[in-house]
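Trainee: There's a structure below that I have some questions on.
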2 protein chains.
Amino acid sequence: MQEKFEPNALQSIFWAQSIAVVGASSSPHKLGHIILKNVLEGGFQGKIYPINPGGGKILGLDVFPNIEAIPGKCDLVIFCIPAHQVIPSMFAAAEKSASGAIIISGGFRETGNQDLETQLVETARQLHIRLVGPNCQGINFTPNRLCASWPLFTRQGALAVISQSGTIAAALAGWAEEDGLGISGVISLGNQADLCETDFLEVFGQDQQTRVIAMYIEGVKDGRRFMQVASRISKPVIVLKSGRTPGGVKAAASHTKSLAGSDQVFSGICNQLGILRVETIEELYDVARGLPVYTSPAGPRLAIITSSGGSGILAVDAAEKNGLHMAEMDDEMRTTLSQSALPKHMVIGNPLDLTGSALSSEYVEAMQIFEHSQPSDMYLLIFGDPIPGSAERLAPVIGLMKKPVAVCYLGGGNLQAEETARFQAEGIPVYATPERAVSFLAKLSQRGQRLQKPKENCYEQ
Amino acid sequence: MQEKFEPNALQSIFWAQSIAVVGASSSPHKLGHIILKNVLEGGFQGKIYPINPGGGKILGLDVFPNIEAIPGKCDLVIFCIPAHQVIPSMFAAAEKSASGAIIISGGFRETGNQDLETQLVETARQLHIRLVGPNCQGINFTPNRLCASWPLFTRQGALAVISQSGTIAAALAGWAEEDGLGISGVISLGNQADLCETDFLEVFGQDQQTRVIAMYIEGVKDGRRFMQVASRISKPVIVLKSGRTPGGVKAAASHTKSLAGSDQVFSGICNQLGILRVETIEELYDVARGLPVYTSPAGPRLAIITSSGGSGILAVDAAEKNGLHMAEMDDEMRTTLSQSALPKHMVIGNPLDLTGSALSSEYVEAMQIFEHSQPSDMYLLIFGDPIPGSAERLAPVIGLMKKPVAVCYLGGGNLQAEETARFQAEGIPVYATPERAVSFLAKLSQRGQRLQKPKENCYEQ
């Protein structure tokens, strides 16, 4: 198990060794059942106490009528009960030494009950209990095998997700699970009555398993503190912030019941802090999953090796649109290529089009020629056909490269699914289109450019 | 079987009743094997003649030593043999009354052998044989269950793909197969020595099964003829054209060995003809699969009904960025909503946020209230949670609506996969993110605006 992170106040939530689920239910569709089931099936190793006045057994566990009845202490209490019942139970939780609570329950500020939420926070402060939520989808922290959320995701990975939308968090984690990349943690922020996006940014900044942090936010609670915390984080942070248009600002205000703040100001802050901003959920995922794998390129020059001419051209269009430069190829390199064992009918240039009969070994050879003749800052390998052995041959090469080598696989039928799974099992993300791969490389390059500015080095590894 | 389309010259290719595969092979990795296997497994009902001097049997079929040995006539000959062997075989094909040939073989203009290609075309003209390719990935035409291409796709659908890249064609058809939407046809254009993008545009313009045409091109062979043909097509045509940047133009010139032409001029032509232009492969697919399902909106007003607040806000941002307008909601409608049976804690506005506990029946009720109170021009339904019964409840409603109702499903875990499959089994495409759904709606709206211009009505249904 990894060394636990600071700050201590949040340890009891993330590294809880005993958990109570208040409102545990035997009805499969109720959240009190789903959460309990996910905690169990997620493989949580500590103690689990279902709480329900009805008693009996749920999912094979003894049910306790109330928190008071729990034998011994309880680090973390998860509430799935009506809003007005939460505060009374907090006192009992404190008696059991709980220092964290996840309030799944809605019915607070978001429904106009600001007073109830204020009272909840005041109670929690008084009892030294930190709160996640209320009105949230819980948390998932795979280093502690703690899925106090839904859907159930258990695969351990390098990606942490912090989100004001439980749905967007679940979508990202779901894609990471499907792609075999996994997650370190997922936070559904809810109303952020106590703990906010910046607290969790700090947690994942220190968590050893986390190597990239993806955020969906509608605004930040305290801009100054956000900047302080973000400036100390050396890991890549990618932010999707909604409210970029007047209509979006209005909608965000309705959702979070708070002003989202100026989007331009936020962009300025991100630029200053080296935070990458993205425009869509898909881009948030695409950039997040590639960042832990690759180092930033030393410059903007891109070389493309492809078996699909058309895909290569689309990649060039996307690269130029995104500020990358196509690496030049001199006559000497053209001669080297034409004298190599690469296919005689290949189209020599950048993109280097090996054409549809390309073998996976030829990608390796082509990269070697680039590296010896005119090294590029980054590579894009497009497997635009069913090319057997591509993952087996290329994954080790990519692993050893000191430069980013993005992989795109498309048009390859059944073999594509197999090869994509093999690449991803080796931790190498595969992009489904050249444009998505290039969009990732462009962000990686943007991060690299920021790393090179000496003044900003403080927050980089 | 559908009524066959004009022009007659191409009927023998698409509606061939007898096919020879020249270069048929028993080696599973050779194209001469793959093509033969796909013709067989695609369920082709006509006669299939594998040709190989070695004779014997391949895949259970009698092999003929040469075309001359075929008993009776042969409509279509598929060549998977070295380039220099093709022309001699063409004479034999003509003897068997072939009027079409698909030249899979490379080794012509694309490798510098312009003379050989010229000679091929002259021979074909003389023999009254029309050519697909050379240097192509073949064709797939599901109305005739003719998969003379790879990968094998058999599901019948409304989407025709015409592509200068075999890979991009295969990617689009593969996604359509996976999503249960299927294809009417796929054309890999190759060198277009004879038949070009415009010929196939004309074919699919007349084909009864085809209801939308998606093209990937690097340029058009004859601008004037393209405009003539496109102006007569009433079906939606969507074009992804590469070579939008200087680097892309250069790369396209290397790939197709011809000038791509001015991108701005092409955009102008598309605007004039009502052709929708897209920027990425993903967008080409997203727009293409939605267009046959939905009518164009009468105006730009969009109403969003969601269970995920965050996804709704991102949809608003995307909508405003793409020129759609969020439908207004007056006080009377707000009152109607608040007095309805919809969840008391929903966030009233546009987006209408039913929140995470939303039921599928509530989406129907919310749409009814919109329609009665302040009808919108189009709807976006975001299922941002595992919502059971969404496809069962909503698919019939969407089917009956006279307005576009796009569906987005995300963050719904295992249930999402099931519900997405159910929607798609009913012919309703599901978008994985709100941004992709909005991007589709924006293109649908763009098409609608063009339909409303009286002068351009000539080419619309």
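The values are calculated or read from the model by the stated rules, or taken from the named source; none is laboratory data. Note that the structure is predicted; figures quoted are calculated from it, not measured. When we count neighbours, we look across all protein chains shown, and the Cβ atoms used for this are built from the backbone with ideal geometry, even at glycine. Each accessible area value is taken on the protein alone, full model and side chains, heavy atoms only, with ligands, DNA and RNA left out. Shrake-Rupley method; radii C 1.70, N 1.55, O 1.52, S 1.80 Å.
Trainee: Charges at C-beta only: +1 for Lys and Arg, -1 for Asp and Glu. How large is the resulting dipole of the protein assembly as shown about its Cα centre, in Debye rounded to 20? Write out the running numbers ahead of the final one.
Mentor: Working: 76 positive and 90 negative charges, 48 e Å.
Charge dipole of the protein assembly as shown: 240 debye, to the nearest 20.
Trainee: Which FRET efficiency value, to the nearest 0.05, do you get for residue B:232 and residue B:402 by plugging their Cβ-Cβ distance into 1/(1 + (r/R0)^6) with R0 = 25 Å? Don't jump to the answer; show the numbers that get you there.
Mentor: Working: r = 27 Å, r/R0 = 1.07.
Computed FRET efficiency for residue B:232 and residue B:402 comes out at 0.40.
Trainee: Once the dipole of chain B is set up with Lys and Arg at +1 and Asp and Glu at -1 on Cβ about the Cα centre, which of B:381, B:351, B:23 lies farthest towards its positive end?
Mentor: Of the listed residues, the answer is B:23.
Trainee: What are the residues of region A:306-342 that lose 50 Å² or more of accessible area, with a 1.4 Å probe, going from their chain alone to all protein chains?
Mentor: Flagged in region A:306-342: A:313, A:314, A:317, A:320.
Trainee: Debye calculation, C-alpha points only, no solvent: report log10 I(q)/I(0) for region B:279-369 at q = 0.12 Å⁻¹, in the same order as the q values.
Mentor: -0.45
Trainee: In whole Hz and in residue order, list the ³J(HN,Hα) couplings for region B:334-344 that follow from phi through the Karplus curve 6.51 cos²θ - 1.76 cosθ + 1.60, θ = phi - 60°; x for Gly and Pro.
Mentor: So the Karplus estimates, Gly and Pro as x, are 4, 5, 4, 4, 6, 8, 7, 8, 5, x, 4 Hz.
Trainee: Rg and Dmax of region B:105-147 over Cα atoms: what are they, in angstrom?
Mentor: Cα only, region B:105-147: 12.6, 36 Å (Rg, Dmax).
Trainee: Counting other Cβ atoms within 10 Å, keep those with at most 14, restrict to DSSP loop, and tell me which trypsin sites (Lys or Arg not before Pro) in region A:347-442 are left.
Mentor: Numbers: sites: A:393, A:402, A:422, A:436; in loops: A:402.
Here the trypsin sites (Lys or Arg not before Pro) that fit, given the DSSP loop and packing criteria, are A:402.
Trainee: What percent antiparallel are the DSSP beta bridges of the protein assembly as shown, to the nearest 5? Don't skip to the end; give the middle numbers.
Mentor: Details: 20 of 123 bridges.
Expressed as a percentage, antiparallel bridges in the protein assembly as shown total about 15.
Trainee: Return one quarter of the surface area of the convex hull spanned by the alpha-carbon atoms of region B:56-111, equal to its mean projected area, in nm². Provide the component values of the computation, followed by the final result.
Mentor: Details: hull surface 17.6 nm².
Convex hull of Cα atoms, orientation-averaged projection: 4.4 nm².
Trainee: Looking at chain A only, what percent of DSSP beta bridges run antiparallel? Nearest 5 please.
Mentor: Values: 10 of 61 bridges.
Restricted to chain A, the bridges split so that about 15 percent are antiparallel.
Trainee: Quick one: what Rg and Dmax do you get for region B:66-146 from the alpha carbons, in Å?
Mentor: 12.4, 37
Trainee: Please state, to two decimals, what the Cα-based radius of gyration of region B:200-353 comes to when divided by 2.2 N^0.38 Å (N = residues). The partial results should precede the final answer.
Mentor: On the way: Rg = 20.8 Å, N = 154, 2.2 N^0.38 = 14.9 Å.
The value comes to 1.40.
Trainee: Turning to a different aspect of this structure: Sort A:177-187, B:271-281 by packing, meaning the average of other beta carbons within 10 Å per residue, with the highest value first. Display every interim value, and only then the final one.
Mentor: On the way: A:177-187: 22.4, B:271-281: 20.5.
Output ranking for A:177-187, B:271-281: A:177-187, B:271-281.
Trainee: Which three extents, in angstrom, do the Cα atoms of region A:161-246 have along their principal axes, listed largest first?
Mentor: 36, 32, 24
Trainee: If I model region B:4-113 as equal point scatterers sitting on the Cα atoms and use the Debye formula, what is log10 I(q)/I(0) at q = 0.11, 0.12, 0.17, 0.24 Å⁻¹?
Mentor: The Cα Debye sum returns log10 ratios of -0.32, -0.39, -0.78, -1.42.
Trainee: With a Cα-only, solvent-free Debye model of the protein assembly as shown, what are the log10 I(q)/I(0) values at q = 0.08 Å⁻¹?
Mentor: After summing over all Cα pairs, the log10 values are -0.78.
Trainee: With an 8 Å Cα cut-off and a minimum separation of 6 or more residues, compute the relative contact order for region B:385-457 in percent. It would help to have the intermediate numbers written out before the result.
Mentor: Working: 62 pairs, mean separation 23.2, N = 73.
About 32 percent, as a whole number.
Trainee: Next question. Per the 1.4 Å probe, what fraction of the accessible area of region B:220-338, in percent, lies on carbon and sulfur atoms?
Mentor: Values: 2310 of 4570 Å².
Here carbon and sulfur together make up 51 percent of the probe-accessible area.
Trainee: Another one. Please turn the phi angles of region B:210-217 into ³J(HN,Hα) values with the Karplus equation 6.51 cos²θ - 1.76 cosθ + 1.60 (θ = phi - 60°), one per residue in order, whole Hz, x for glycine and proline.
Mentor: The phi angles translate into 6, 10, 7, 10, 10, 10, 10, 9 Hz.
Trainee: Counting alpha carbon pairs within less than 8 Å and at least 6 residues apart, what relative contact order, in whole percent, applies to region B:287-333?
Mentor: Values: 20 pairs, mean separation 18.1, N = 47.
Relative contact order comes out at 38 percent.
Trainee: What percent do you get for the relative contact order of region B:192-273 when only Cα pairs under 8 Å and 6+ apart count? Before the final figure, lay out each step's value.
Mentor: Working: 81 pairs, mean separation 22.9, N = 82.
About 28 percent, as a whole number.
Trainee: What FRET efficiency, computed as 1/(1 + (r/R0)^6) with R0 = 35 Å and r the Cβ-Cβ distance, is obtained for residue A:206 and residue A:361, rounded to the nearest 0.05? Walk me through the numbers before you get to the answer.
Mentor: On the way: r = 43 Å, r/R0 = 1.23.
Approximately 0.25, to the nearest 0.05.
Trainee: OK, next. Tell me the Kirkwood hydrodynamic radius of region B:335-461 in angstroms, computed as one over the mean inverse distance between distinct C-alpha pairs. Write out the running numbers ahead of the final one.
Mentor: Values: mean 1/r = 0.0637 Å⁻¹.
Averaging 1/r across every pair of different Cα atoms and inverting gives 15.7 Å.
Trainee: Could I ask something else about it? Working from the alpha-carbon coordinates of region B:42-85, get Rg over Rh, Rh being the Kirkwood radius. Could the numbers behind the result be given before it?
Mentor: Numbers: Rg = 11.0 Å, Rh = 11.6 Å.
Result for region B:42-85 is an Rg/Rh of 0.95.
Trainee: So what are the ³J(HN,Hα) numbers for region A:108-124, from phi and the Karplus equation (6.51, -1.76, 1.60; θ = phi - 60°), rounded to whole Hz, Gly and Pro as x?
Mentor: 9, 3, 5, 10, x, 8, 4, 4, 4, 5, 4, 5, 4, 5, 4, 4, 4
Trainee: Something else: Which is farthest toward the positive dipole end of chain B among B:104, B:34, B:337, measuring Cα position about the Cα centre, with Cβ charges +1 (Lys, Arg) and -1 (Asp, Glu)?
Mentor: Selected residue: B:104.
Trainee: Please report Rg over Rh for chain B, where both radii come from the alpha carbon positions and Rh follows the Kirkwood definition. Can you show the working numbers first?
Mentor: Values: Rg = 24.8 Å, Rh = 23.7 Å.
Answer for chain B: 1.05.
Trainee: Another one. What area, in nm² and to one decimal, does the C-alpha convex hull of region A:47-195 cast on average over all directions?
Mentor: Working: hull surface 35.3 nm².
It is 8.8 nm².
Trainee: For region B:132-195, restrict the atom set to alpha-carbon positions and state the Rg and Dmax in Å.
Mentor: Calculated on Cα positions, Rg and Dmax stand at 10.7, 34 Å.
Trainee: Which entries in A:241/A:403; A:73/A:241; B:221/B:443; A:344/B:443; A:344/B:241; A:37/B:344 show an alpha-carbon gap greater than 31 Å?
Mentor: On the way: A:241/A:403 29 Å; A:73/A:241 39 Å; B:221/B:443 26 Å; A:344/B:443 42 Å; A:344/B:241 28 Å; A:37/B:344 28 Å.
Too far apart for the 31 Å limit: A:73/A:241; A:344/B:443.
Trainee: Using a simple charge model, +1 on the beta-carbon of Lys and Arg, -1 on the beta-carbon of Asp and Glu, nothing else, what dipole does region A:361-410 show about its Cα centre, in debye to the nearest 20? List each step's numbers first, then the result.
Mentor: Working: 3 positive and 6 negative charges, 36 e Å.
Roughly 180 debye, rounded to the nearest 20.
Trainee: Return the Cα extents of region A:211-250 along principal axes one, two and three, sorted largest first, each rounded to a whole Å.
Mentor: Sorted largest first, the three principal extents are 34, 21, 10 Å.
Trainee: Please calculate the 1.4 Å probe accessible area of residue B:420, with all protein chains present, and give it to the nearest 10 Å².
Mentor: 30
Trainee: If you don't mind, there's one more thing I want to ask. Please compute the volume of the convex hull spanned by the alpha-carbon atoms of region A:233-324 and report it per residue in Å³. Show your work: numbers first, answer last.
Mentor: Numbers: hull volume 13.7 nm³, N = 92.
Residue-normalised Cα hull volume stands at 149 Å³.
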